Amino acid sequence: QVQLVESGGGLVQPGGSLRLSCVASGFTFSSYAMTWYRQAPGKERELVAIISSDGSTYYADSVKGRFTISRDNAKNTVYLQMNSLKPEDTAVYYCNAFVNSRRYWGQGTQVTVSS
């Protein structure tokens, strides 16, 4: 079965950096786009970044220039490098894959940006 396991969240000061990881299993990872979403308290879940199977990327305007999504197909892992973090980046970050007409989510990893 499809499984997505995120890690790398934590508490960081404004201006700091974190790298999130999501290890995928149960499907042919290299053949599918992978997406990072986030959900802040009291807000709807929002798309952060997408990486296609061929490595093309898309970013939400709010993170463009600060976040970088990448993938390592040999490790079945997608990453989200987050730099210049702001308090408004505080959220639970989720990894997502759409496989065989079904959307799968990881359990999420908390990112808190605060001084």
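The values are calculated or read from the model by the stated rules, or taken from the named source; none is laboratory data. Computed from a prediction, not measured in an experiment: that's the story for all the values here. Accessible surface areas use protein heavy atoms only, side chains included; no ligands, DNA or RNA. Shrake-Rupley method; radii C 1.70, N 1.55, O 1.52, S 1.80 Å.
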**OP:** State the Cα centre-to-centre distance between region 18-36 and region 90-111 in whole Å.
**Re:** 9 Å
Subject >> Under Karplus coefficients 6.51, -1.76 and 1.60, residue-wise ³J(HN,Hα) of region 16-32 in Hz, glycine/proline x >> reply: x, 10, 9, 10, 8, 10, 9, 9, 10, 8, x, 7, 7, 3, 5, 8, 10
Subject >> Accessible area of the chain belonging to carbon and sulfur atoms, whole % at 1.4 Å probe >> reply: 45 percent
Original post:
With the other protein chains left in place, how much accessible area per residue, in square angstrom, belongs to the chain at a 1.4 angstrom probe?
Top reply: 52 Å²
**OP:** Work out from phi, with θ = phi - 60° and the Karplus expression 6.51 cos²θ - 1.76 cosθ + 1.60, the ³J(HN,Hα) of each residue of region 62-72, listed in order in whole Hz, and give x for Gly and Pro.
**Re:** 5, 10, 4, x, 10, 10, 9, 9, 8, 9, 10
Subject >> Amide H contacts of Val99 (H built 1.01 Å from N, under 5 Å, at least 5 apart or other chain) >> reply: Tyr104
